[in-house]
1. Do you know which residues across the stretch 1-33 are in contact (Cβ under 8 Å) with a residue 12 or more places away in the chain and either in a loop (DSSP other than H, G, I, E, B) or surrounded by 13 or more Cβ atoms within 10 Å (Cβ to Cβ) (or both)?
2. In a loop (DSSP other than H, G, I, E, B), farther than 30 Å from Ala2 by Cα, more than 22 Å from the chain's Cα centre (by Cα) and modelled with pLDDT of 70 or more - does that describe any residue in the stretch 48-67?
Amino acid sequence: MANATTWAKRVEAWRASELTAAEFSDGLDFAAASLRWWSSRLGAMRAEAPRSIRMVRVVRHAAPTPAIDRTSASSSSAILVELAGARVLVSTGADRATLTAVFAALDPRTHIGAR
């Protein structure tokens, strides 16, 4: 009996062939129904698999630190985000597009806000 790795290779070859399941499996040692079932099962397994998560350090900021210019943010309404060796002070009401551009410039793998 074939394992999931074997079926993954079969499903990949079937998808690349652009044939129907019946056309692809014709003359092979497995049925079209099995090919379709494994395709569905493997897709479900991928959906259930944990995804890698990019973590950033977020610090709620209550007191000023000398290294940060706080001219545009009050200490009670800001958070400090540390990412890729940089610190970004984010005040309440910060513009989402600007933050997205800042974080993308610091680390292109970081995505915020896609809903």
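1. Ala2, Trp7, Ala8, Arg10, Val11, Trp14, Thr20, Ala21, Phe30, Ala32
2. The answer is no, given that none of the residues of the stretch 48-67 is in a loop (DSSP other than H, G, I, E, B), farther than 30 Å from Ala2 by Cα, more than 22 Å from the chain's Cα centre (by Cα) and modelled with pLDDT of 70 or more.
The values are calculated or read from the model by the stated rules, or taken from the named source; none is laboratory data. In this text, all values refer to a predicted model and were calculated from it rather than measured experimentally. Note that each Cβ is placed from the backbone with ideal geometry, even for glycine, and that neighbours are counted across all protein chains shown.
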